[in-house]
Amino acid sequence: MDKSRQQFEEFIKFHMDDAEINNKFETANNGLNYADQYVDLMWISWQASRESLEVELPEPFIANENCETWCYDEDLVNQVLISNGVKIKDE
């Protein structure tokens, strides 16, 4: 199971009580979809939300000319991500 599908199922389980979960994750269409039409619609929406997440990073720079390591300014990357609706996890 890919990470996105795993996150999706964990999210659905969190928002449903145990009695509702029975048979909600049975798949159809060779595993591409869910047999339950509402869970399948949520899955399609989940996938679309992930596909739309695309950001253009700022220009990289060479940190060390001897080894040509390309780097990004952390503040600029964070700014781009936040402006595109991505939350930055505090460490």
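I'd like to know if region 70-81 contains one or more residues that are loosely packed, with under 12 Cβ neighbours inside 10 Å and of a type in the set (S, T, N, Q).
Filtering region 70-81 for residues loosely packed, with under 12 Cβ neighbours inside 10 Å gives 70-71, 74-75.
From what is left, the residues that are of a type in the set (S, T, N, Q) are none.
Within region 70-81 (the criterion being loosely packed, with under 12 Cβ neighbours inside 10 Å and of a type in the set (S, T, N, Q)), the answer is no, since none of the residues qualifies.
Scan the helices (runs of 4 or more DSSP H) fully inside region 1-69 and keep the ones with 1 or more residues being on the phi > 0 side of the Ramachandran plot and surrounded by fewer than 11 Cβ atoms within 10 Å (Cβ to Cβ).
Numbers: elements: 3-15, 18-21, 37-51.
Qualifying helices (runs of 4 or more DSSP H): none found.
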Any hit, region 7-25, residues being in contact with a strand residue (DSSP E or B) (Cβ under 8 Å, 6 or more places away or on another chain), at pLDDT 90 or above and of a type outside the set (Gly, Ala, Ser) | yes
Unmet requirement for Asp90, which otherwise passes all of (1) over 17 Å from the mean Cα position of the chain (by Cα); (2) surrounded by 11 or more Cβ atoms within 10 Å (Cβ to Cβ) = (2)
Can you tell me which residues in region 56-85 are of a type in the set (Val, Ile, Thr) and at pLDDT below 80?
-> Ile62, Thr69
Please specify each residue of region 1-54 satisfying the condition of being under 25 Å from Val86 (Cα atoms) and either small (Gly, Ala, Ser) or over 21 Å from the mean Cα position of the chain (by Cα) (or both).
-> Ser4, Ser45, Ala48, Ser49, Ser52
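The values are calculated or read from the model by the stated rules, or taken from the named source; none is laboratory data. Quick caveat, the model's predicted, so the values are computed rather than measured. Cβ sites come from the backbone with ideal geometry, for glycine too, and all protein chains shown count toward neighbours.
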